[in-house]
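Trainee: Let me begin by handing over the structure; questions about it come next.
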Amino acid sequence: VGHLNPQEQHLVVRIVKCDNLAVADADVGTSDPYIRCTWDNMVQRSPILKETIRPIFNFNFYFPVRLFNNRVKSKKYRDTALRFELESKGDISIQVWDDDDTSADSLGFVRVPLANLLNRKNYAMRTLRGPAVQASDEDVEEEASDTQKQWFEKEKEVRLYDGMKTELIGCPLPNPNTALIFFEAYFYPDWPDHVKLEGTGSHELSDDVWDDLEEAFSKNGHVFSRKYAEPFPDSIGALPSLSEGYQNRETLRRFPSMGLHPQSLMKLPLMAFLCQIYTPEEYTRPGDLMGWINSITFASSSRQERSGIIPQDGWKDPQTFLFTRKGSVQDHALLLCSVLLGAKKDAYICKGTVWAHDTEEVETGRAPRSRLVEHVWVMTREQHDWITFWEPCSRELYHMPNRWTWAKPTKKDGKGKAREKPESAAEEGEPEVGEEDTVVAVEGPISSIVANEIADVLLSQEDIDTLPTVGRIPRPKMKSTTKQVNPRDKMKQEMLKQRAKNKMAPNPKLMEDGNLVEWLPYDSIDVIFNNHNLWANRQNHHPACIRYDLDKDSTEGALPAWEPLLKAEMTAEEKVKYKWTPINQEVVMDPAQPFHAIELREKEMIAEMEENMRLSRGKRGLDTFFERSEKLLRQLDTFLILLDRMRKLDIDFCPWAHQDPAAWTESQRYLLKLRFGTDDEQEMKNNIYNRHGSAFTQSSRYVAYQKETDRAWRKLANQVETTYLNKGGFNGVLRGKVLKGFPVHFSTSDKEEVRGYLTNLPEYQDILTKDSEGTIFTIHCKMFAMLGGVQSFWLYIGVHEPQS
């Protein structure tokens, strides 16, 4: 405690021990627990205690009390500024975690509202370190002679929150016993007795607060689905929207609005799972950001895998996700969106559906059938009316033009008033009020139209046919045996025309050549949300066939194109009732792992993979030998570094990607082969999406990013040319042999998971069965340390075969 400032007040959280913790490592039957304690957006961590489920910590956390101005302690501000300041600091959160090299498991948590501490009537004598040590008679005599104590050794009377034998909750691991934690919390020195807090945080709200809002929102979704089914009965939008569909395995199109707190399991709006995360500039560039997000382990619950439905407890806030370093696609999307929000992007979470093969059918040996499963990705609204979808699973970016109305930065006219961009024209089939009477002013000398002059109107053939006529109507010559139109077919054509004007039909303007997008992997978009509100899609179900003007007003009595969860017309009482705060307002991330730790893990991984190959081939009666020449390993290091750099590059800014394949050089073709995993040039071209261009070319903030990406692609092509193609491949290959192999990237560095994935790779199985005489193998790996303790992990598996 010598480093603490004696002039400051501190919140002291003293952790004594834990008991009956869950077993996180089933192989040894123990856990490696440590404590994370959070208060006032400060996070502190205890040492790790190895292999125990009954750890004795005897560890203190010290949080300095930070005030924006010490004058708030005065009597004048006691009930106003000081109370608001203390309420803003939030609760005391104590979390128990199991430590692991690749991920972490929650062993439970306890949350102490600050009001429960300040409103206590339980007083006790405490030093900064805790209870005063009971001294012997000899020590008392010595202490009496020593009249001066250190400031942190002086006992003071404090209000004490006694958390001894408190139950830990929120542990997802099975545990037959009740996990307990023994702790206490107090301020040193304490606040005056009159300093109290009356209210509690939003997390204390009952589930009933959100039930009415959730029920009304779900009911609107049900009504919309039924209306959708009238003109489009066989479409995805006509599917039912029941919230309990995962129980009866019925195919659904849901409009969820609530999730459960990952620890307390309290119901919260999905907006509470987002926050603004500020990262280094490197992690705000699209390519680097997507590479980082995609390197975090993907793992969904068995219930979500089985049903294809995201359960209410299936959402994890970014802080919990970064602690565990493992989560589902929705957890990856929440972290990605939070980082984009921190980078001042207009970012949203999108929940929709995609077609996927039923894994249960494959496991039972029956022919796989496709089914709709729920999926989550991120959307940003870019400048000049562009929309970009960010896919965390594949790192792809999908750009769509003319999908919303971008408001240009305001400019001031000569009178000092701000002029904004006018609203865009109404979508076809949905004319705005007064649209027919609008007169468009034309710039130039003819803009001054005479007051009684009528603007030209373009008449359609249908309008001409309905005009009144005088006398005989001239008709063109025709055969007298004209085939009569079937009234049923005529009615069908009329119904199709009416259906095309329906709000649920695809927007016809977006079907034009300059706007048509047909390469999205998503089949419906149901809800989107940011850190302020949530909206349900009340238009066509397909994300490429609609616009994303969220604030566009609807006609009276009709649902808007995007129905908000929190309405603008809510009363003041409703706004107070539905007030909420993010689960974590500030997120703390671990730094990248040091080089020596990464180097040690690389050696362990190589040894593990070599032993796995040796055992697998030994069961087949085959010998296994490895080649580890330093020259070859340096070449493989360079090759895997090249792959990791290319993995973070935006394909839209590859200078030759959109050229004719006949113009590609050998090095350019080789890079695209590595990028797409195929030799087929047509398949490569088909995998290059965004034929309308990239939204980032329209934004001034990405000018440097475009130039850097272009240079990086050219540099890689030059490196391939000089390092590999001109030298005929890798150096260090054994004489008379040819090295053949493959690299593979993993979003995990867990040895057991890597071993399991390799077992399912056909390329790896082919190498395992090599029985040619003189066959020698090479296994090499490269890990790249990233923010949050994440690693980008590459593994190369090769075989030296005799040259034919």
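Trainee: Taking residue 209 and the conditions (1) touching a residue at least 60 places away in the same chain (Cβ under 8 Å); (2) closer than 30 Å to residue 3 by Cα, which numbered condition does it fall short on, given that it satisfies the others?
Mentor: Going through the list (1) touching a residue at least 60 places away in the same chain (Cβ under 8 Å); (2) closer than 30 Å to residue 3 by Cα, residue 209 breaks only (2).
Trainee: Cβ-Cβ distance below 6 Å, separation of 6 or more or different chains: which pairs start in the range 750-778 with a residue that is closer than 22 Å to residue 602 by Cα and end on one that is open to solvent by 70 Å² or more (accessible area, probe 1.4 Å) and modelled with pLDDT of 90 or more?
Mentor: 776/625
Trainee: Let me ask something else. Hey, could you check the range 1-32 for residues that are β-branched (Val, Ile, Thr) and part of a loop (DSSP other than H, G, I, E, B) and say which is modelled with the highest pLDDT?
Mentor: 23
Trainee: On to the next question. Is it the case that residue 87 is surrounded by fewer than 19 Cβ atoms within 10 Å (Cβ to Cβ), under 30 Å from the mean Cα position of the chain (by Cα) and not aromatic (Phe, Trp, Tyr)?
Mentor: Here the answer is yes, as residue 87 does meet what is asked.
Trainee: Can you spot a residue in the range 326-341 that is touching a helix residue (DSSP H, G or I) at 6+ places or on another chain (Cβ under 8 Å), modelled with pLDDT under 95, open to solvent by 10 Å² or more (accessible area, probe 1.4 Å) and under 30 Å from residue 211 (Cα atoms)?
Mentor: So far as the range 326-341 goes, no, none of its residues is touching a helix residue (DSSP H, G or I) at 6+ places or on another chain (Cβ under 8 Å), modelled with pLDDT under 95, open to solvent by 10 Å² or more (accessible area, probe 1.4 Å) and under 30 Å from residue 211 (Cα atoms).
Trainee: Scan 793, 742, 777 and give me the residue that is over 30 Å from residue 513 (Cβ atoms) and touching an Asp or Glu at 6+ places or on another chain (Cβ under 6 Å).
Mentor: Result of the check over 793, 742, 777: 742.
Trainee: For the range 29-87, enumerate the residues that are touching a helix residue (DSSP H, G or I) at 6+ places or on another chain (Cβ under 8 Å) and of a type in the set (Gly, Ala, Ser).
Mentor: 81
Trainee: Could you grab me the full set of residues in the range 558-580 that are over 30 Å from the mean Cα position of the chain (by Cα) and open to solvent by 90 Å² or more (accessible area, probe 1.4 Å)?
Mentor: Passing the criteria: 569, 573.
Trainee: How many residues does the range 25-36 contain that are surrounded by fewer than 23 Cβ atoms within 10 Å (Cβ to Cβ) and not charged (D, E, K, R)?
Mentor: 5
Trainee: Here's something else I'd like to know. Please identify the pairs in which a residue from the range 43-63 that is in contact (Cβ under 8 Å) with a residue 40 or more places away in the chain has its Cβ atom under 7 Å from the Cβ atom of a residue that is in a strand (DSSP E or B) and among the hydroxyl-bearing types (Ser, Thr, Tyr), counting only partners at least 6 apart or on another chain.
Mentor: Cβ pairs passing all conditions: 48/34.
Trainee: In this structure, does residue 647 turn out to be open to solvent by 40 Å² or more (accessible area, probe 1.4 Å), of a type in the set (Lys, Arg) and in contact with a helix residue (DSSP H, G or I) (Cβ under 7 Å, 6 or more places away or on another chain)?
Mentor: no
Trainee: Hey, among 583, 606, which residue is in a loop (DSSP other than H, G, I, E, B) and among the hydrophobic types (A, V, I, L, M, F, W, C)?
Mentor: That would be 583, the only listed residue that is in a loop (DSSP other than H, G, I, E, B) and among the hydrophobic types (A, V, I, L, M, F, W, C).
Trainee: Say whether the condition of being in contact with a Gly (Cβ under 8 Å, 6 or more places away or on another chain), open to solvent by 20 Å² or more (accessible area, probe 1.4 Å), on the phi > 0 side of the Ramachandran plot and aliphatic (A, V, I, L, M) is met by at least one residue in the range 252-268.
Mentor: yes
Trainee: Can you tell me which residue within the range 764-802, out of those that are over 30 Å from residue 339 (Cα atoms) and of a type in the set (A, V, I, L, M, F, W, C), is surrounded by the fewest Cβ atoms within 10 Å (Cβ to Cβ)?
Mentor: Filtering the range 764-802 for residues that are over 30 Å from residue 339 (Cα atoms) and of a type in the set (A, V, I, L, M, F, W, C), the one surrounded by the fewest Cβ atoms within 10 Å (Cβ to Cβ) comes out as 776.
The values are calculated or read from the model by the stated rules, or taken from the named source; none is laboratory data. This one's a predicted model, so the numbers in the text were calculated from it and none came from an experiment. With ideal geometry, Cβ positions are generated from the backbone for all residues, glycine too; neighbour counts draw on all protein chains shown. In case anyone asks, the SASA skips ligands and DNA or RNA and just uses the protein heavy atoms, side chains included. Shrake-Rupley method; radii C 1.70, N 1.55, O 1.52, S 1.80 Å.
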